[in-house]
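Take a look at the structure below.
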Amino acid sequence: MPSSGSRSAARMLLQQQLLQRRWAVNHWHRLAKRPAGNAVAAVTSPLAQQGGLFPSTPPTMKCSLRFWFLSTASLLVFVMSLLFTYSHHSITYLDPSSLNGIHRVKLVPGYAGMQRVGKGGLFMKSCACQQCMEDARASDWFNSHYDSNISPVWTKENMDLPLDVQRWWMMLQPQFKSHNTNEVLSKLFQIVPGENPYSYRDPQKCRRCAVVGNSGNLRGSGYGREIDGHDFIMRMNQAPTVGFEADVGSRTTHHFMYPESAKNLPANVSFVLVPFKTLDLLWIASALSTGQIRFTYAPVKPFLRVDKEKVQIYNPAFFKYIHDRWTEHHGRYPSTGMLVLFFALHVCDEVNVFGFGADSRGDWHHYWENNRYAGEFRKTRVHDADFEAHIIDMLAKTSKIEVYRGN
């Protein structure tokens with residue numbers, strides 16, 4: 001039978017174990033109510049710190065912390081890789097299969113052809129054509145002449161002409177009576193829109209334009225269907241189509257005329273007035289309203305039947321820009337054909353030229369007439385037809401236009 005001493009020692013040991021278990025239960029109840037940040041610090045008790053029941057953080061808690069940290073890091077790496085990938089969704093790269101000349105540019109992924117490599121590096125294409133008018137791969141000659149910042153249309157926004165332009169324009173056809181050009185324009189723009197309809201060009205579309213001259217080389221050409229397939233079809237001066245549809249087409253979107261050559265137009269055609277003097281602006285305002293003006297330097301139509309909402313005024317600053325940059329002062333001023341051609345070069349993505357120059361026999365007559373003296377204008381030197389023909393050839397060589405030579 002155990003002694004009283006051994007019994008009392010066993011009783012004390014049992015009491016100590018009961019106290020430790022009771023403390024552990026109470027401690028874990030308190031721990032469950034505390035914030036997570038204090039959990040680890042509160043795991044141990046004074047007894048545990050002396051080598052008792054809880055000598056360190058439980059191994060299961062250490063594994064949970066490691067697993068949480070690794071999972072969070074992996075998730076961050078995955079998210080960052082996704083962000084990097086999508087931020088470079090359209091990055092371009094050079095096609096290694098092209099080792100000579102200009103490299104082709106591919107997009108990753110989609111939108112093939114939207115970017116090209118030019119002399120100055122990568123750039124976004126401005127249209128959906130195979131080659132756009134402002135394509136930087138053009139020749140240095142073209143780039144040194146072309147200025148897309150000059151609007152071909154005279155509007156409310158660019159009414160004020162630079163002084164040098166004003167002086168040059170007013171000397172084209174000098175007048176005895178002076179007029180305040182801005183006042184005349186302000187009144188005119190109460191009748192016609194005075195807006196620039198070409199200020200926005202959709203990069204997802206290809207605006208194809210046909211510039212149709214009046215040369216006799218159109219006769220028998222059979223270009224009618226080709227011409228009518230363009231978005232814009234620009235004609236000038238008389239340019240009849242009835243009876244000549246097979247060769248010159250039947251559609252017209254823009255008709256360029258000055259007062260002395262003006263004629264009535266269908267409602268769906270834009271009349272583009274080419275003014276040589278302030279009196280021409282007074283005339284168009286009169287012809288669309290009172291009909292008072294019947295004479296400039298020659299008889300003019302007192303009334304004109306055109307769509308007022310489609311009337312546009314050719315910008316004298318653009319006129320002088322062609323004279324300075326392109327025809328380089330050859331002749332007194334550029335011909336109407338050159339004015340229309342460069343208008344198209346600045347509002348179109350693709351330009352095709354019909355009916356310019358002499359026919360295959362060297363005659364300069366119009367396609368609707370047989371006039372043996374039609375080429376006499378070349379002797380006046382008002383326009384330098386030879387230099388203008390040189391400019392057209394240069395534009396064709398740089399692939400800015402395609403010229404249909406006709407018969």
Checklist entry - So how much slack lies between LYS156 and GLN130, counting 0.36 nm per residue of separation and subtracting their Cα-Cα distance, in nm? => result 5.9 nm
Checklist entry - To the nearest 20 debye, what charge dipole does region 255-407 have about its Cα centre, counting +1 at the Cβ of each Lys and Arg and -1 at the Cβ of each Asp and Glu? => result 460 debye
Next on the checklist: Quick check: residue separation of ASN180 and GLU402 times 0.36 nm, minus the Cα distance between them. What number comes out in nm?
Outcome noted: 75.8 nm
Checklist entry - Taking the simple approach of a point 7 Å from Cα along Cα-to-Cβ for both MET394 and CYS206, what is their distance in nm? => result 2.7 nm
Checklist entry - Share of antiparallel DSSP beta bridges in region 188-336, in percent to the nearest 5? => result 10 percent
Checklist entry - Taking 0.36 nm per intervening residue step and subtracting the Cα-Cα distance, what contour gain separates ARG361 from ARG305 on full extension? => result 16.4 nm
Next on the checklist: Students often get this wrong: which residues of region 162-187 have the backbone nitrogen under 13 Å from the point 7 angstrom along Cα-to-C-beta of ARG332?
Outcome noted: 169-175
Checklist entry - Round to a whole number: what % of the accessible area of region 260-407 belongs to carbon and sulfur, probe 1.4 Å? => result 49 percent
Checklist outcome for this item: If amide H atoms are modeled at 1.01 Å from N in the peptide plane, then the residues at a separation of 5 or more from ILE401, or on another chain, having amide H under 5 Å from its own are ALA396
Item to check | For region 278-389, fraction of C-alpha pairs farther apart than 19 Å, in % | outcome: 62 percent
Next on the checklist: 5 Å is the cut-off here: which amide hydrogens, built 1.01 Å from N in the peptide plane, fall below it relative to VAL272, excluding neighbours closer than 5 in sequence?
Outcome noted: HIS255, PHE256, MET257, GLN312
Item to check | Local net charge near HIS145, Cβ-Cβ under 11 Å (Lys/Arg +1, Asp/Glu -1) | outcome: -2
Checklist entry - Separation between the ASN149 and LEU70 pseudo-spin-labels, each 7 Å from Cα along Cα→Cβ, expressed in nm? => result 6.2 nm
Item to check | Highest average packing first - 256-265, 360-369, Cβ atoms within 10 Å | outcome: 256-265, 360-369
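The values are calculated or read from the model by the stated rules, or taken from the named source; none is laboratory data. The structure displayed is predicted, hence computed values, not measured ones. As a convention, Cβ positions derive from the backbone with ideal geometry for all residues, glycine included, and neighbour counts pool all protein chains shown. Side chains are part of the model used for accessible areas, which takes the heavy atoms of the whole protein and leaves out ligands, DNA and RNA. Shrake-Rupley method; radii C 1.70, N 1.55, O 1.52, S 1.80 Å.
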